[in-house]
Amino acid sequence: MNAIEILNSMVGHAILKIVGGVGSTELLFFLDDARVVTFTHSQNCCEYVSIDDIVGDMNDLLGEPLLVAEETSSADAQPPEGTDPESYTWTFYRFRTHLGSVDMRWYGSSNGYYSEGVDVDVRMLDIHEFIMMLEEIIDATGSEARTGLAAQEQQAEGPPQ
């Protein structure tokens, strides 16, 4: 599947876990159907591709069906200030749920002989990997809930005497 097909197949599915952020060279979306969508770049020699900026709250993408998952690219925008690459490409991703949208901007630069694009790939987790990932999410959510509950109880009791 190519990137557009992978992105289209994500619509209607919920992202359960996200790994990566600004400055990363790889971003992972773990989906509710046991797929992992990987955004990365296969490094060859004289190029570099990473996430330059994220606008929006990534938490808005978690646990809700995706309404939009799309990619665009441009070589028309200027490269980051202080750089003078021989060649560069901006790749943009937009993801939207009913909670909000997130726009990601990837920047790739090279000497002009290598790709500057983002590679999008998908693979299925085996059942053991999927269960482990779900347990991690449940543990993290339970921990946050317990922390929040303890804070609420302390607030209800008032300051320590």
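Where a number appears in this text, it was derived from the coordinates with a stated rule and is not lab data. Predicted, not measured: the structure shown is a model, and the values here were computed from it. Note that each Cβ is placed from the backbone with ideal geometry, even for glycine, and that neighbours are counted across all protein chains shown.
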Handout entry: Distance in nm between pseudo-label sites at Asp32 and Asp119 (7 Å out along the Cβ direction from Cα)
Key = 3.0
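Please report, in whole Å³, the volume per residue of the convex hull around the C-alpha atoms of the range 20-130. Show your work: numbers first, answer last.
Details: hull volume 12.0 nm³, N = 111.
Per-residue hull volume (Cα only) is 108 Å³.
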Handout entry: 5 angstrom amide H check on Gly63, placed H, neighbours 5+ away
Key = Ile15, Leu16
Problem - Val19 versus Asp126: modelled label distance in nm, points set 7 Å from Cα along the beta carbon direction - result: 1.6
